[in-house]
Amino acid sequence: MTVNRPELILSIATALSKDGAATSDFDLNPELKRPANHALRPAAVLVPITLVGGQAEVFLTKRSAHLRHHPGQIAFPGGKQDAGDPTLTDAALRESEEEIGLPRGIVDILGELPPHETVTSFRVTPIVGWLTQDFDAIAEAGEVSEVFRVPLAHLADPTNYRIESRIWQGQRRYFFTVPYGPYYVWGATARMLRSLADRMTP
């Protein structure tokens, strides 16, 4: 179904303006213990939305299988806030430029989702941006193995989400998933997307 661009942008911005609590990897796993002297490091990811053939789509990445942390997992472009990043938005835009070659000048920031706390002690803020023009995605060598898109309609539908589990560090850990084709989107990325879906649901 072809979407109306101004109406879609308005609906996303309106959804982002809704109140909502921060999320956490501990939400579904209250028995997990936070590290001692728990200090969260600020980080940000970009949720880049574009229009392709009349359909809104979200860019995601597949991390390289050779990475030490989260190899092969599906993620948003983004990372920790460095000293040279004045704001979390700057961090998300810088990382997106590095990871997928996204020029920051073509991103209109629509708002942000509540921050998400990870078990690795990051406080990740998802920044939602609308791409004003096309660009050729370039995966960062050694960091990103693939850049792909998923229809926003799929990610905005809460019925596409499931809660699954696996054994992690000797304990059963529960997490959200939102599979799409060959891509298994799970964990923090799926939880943040579920937060977006909850806000976009009438």
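Just so it is clear, none of the values below were taken in a lab; they were calculated from the coordinates. Everything quoted here is computed from the prediction, not taken from an experiment. Cβ: placed from backbone, ideal geometry, glycine included. Neighbour counts: every protein chain shown.
Take the alpha carbon gyration tensor of region 63-171, find the square roots of its eigenvalues, order them as a ≥ b ≥ c, and report rounded if a/c is under 1.5; if not, report prolate when a/b exceeds b/c, else oblate.
Numbers: a/c = 1.41, a/b = 1.28, b/c = 1.10.
Rounded is the answer for region 63-171, as its axis ratio a/c remains below 1.5.
Seen from ARG149, the other residues with C-beta closer than 14 Å to its C-beta sum to a net charge of -3, counting Lys and Arg as +1 and Asp and Glu as -1. Of all stretches in the chain that contain no trypsin sites (Lys or Arg not before Pro) in a DSSP loop with at most 15 other Cβ atoms within 10 Å, the longest one is 69-202.
Add +1 for every Lys or Arg and -1 for every Asp or Glu among the other residues with Cβ under 12 Å from the Cβ of THR201, and state the total.
+1
Per the Debye formula on identical point scatterers at the alpha carbon atoms of region 133-195, with no solvent, log10 I(q)/I(0) at q = 0.11, 0.13, 0.15, 0.23 Å⁻¹ is -0.34, -0.47, -0.60, -1.03. Kirkwood's formula applied to the C-alpha pairs of the chain gives a hydrodynamic radius of 17.3 angstrom. Between GLN171 and THR14, the simple label model (points 7 Å from Cα in the Cβ direction) yields a spacing of 4.1 nm.
Measuring r between the beta carbons of TYR184 and ALA83 and using R0 = 35 Å, the FRET efficiency lands at 0.50.
On average, how much area does the Cα convex hull of region 84-144 cover when viewed from any direction, in nm²?
Numbers: hull surface 20.3 nm².
Here the figure is 5.1 nm², rounded to one decimal.
Magnitude of the charge dipole for the chain, about its Cα centre and with charges confined to Cβ atoms of Lys, Arg (+1) and Asp, Glu (-1), is about 780 debye. Each other residue within a Cβ distance under 10 Å of GLY20 adds +1 if Lys or Arg and -1 if Asp or Glu, for a net charge of 0.
Cβ crowding within 10 Å ranks THR125, THR132 as THR132, THR125, fewest other Cβ atoms first. In straight-distance terms, cross-link reach from LYS62 covers every one of the aspartates and glutamates whose alpha-carbon lies under 15 Å from its own, apart from those fewer than eight places away in the same chain; here that gives GLU95, GLU98, GLU99, GLU140, GLU143, GLU146.
I need the calculated FRET efficiency for the pair VAL52 and ALA22, taking r as the beta carbon distance and R₀ as 41 Å, to the nearest 0.05. Spell out each step's value before the answer.
On the way: r = 31 Å, r/R0 = 0.77.
It comes to 0.85.
Cβ-to-Cβ counts within 10 Å put ILE109, ILE12 in ascending order as ILE109, ILE12, the fewest first. Counting only DSSP beta bridges whose two residues both lie in the chain, roughly 75 percent are antiparallel.
Rounded to 0.05, the FRET efficiency of the ARG5 and ASP90 pair, given R0 = 22 Å and the Cβ-Cβ distance, is 0.25. Projecting the Cα atoms of GLY78, LEU131, VAL178 onto the charge dipole of the chain, computed from C-beta unit charges around the Cα centre, puts VAL178 farthest toward the positive end.
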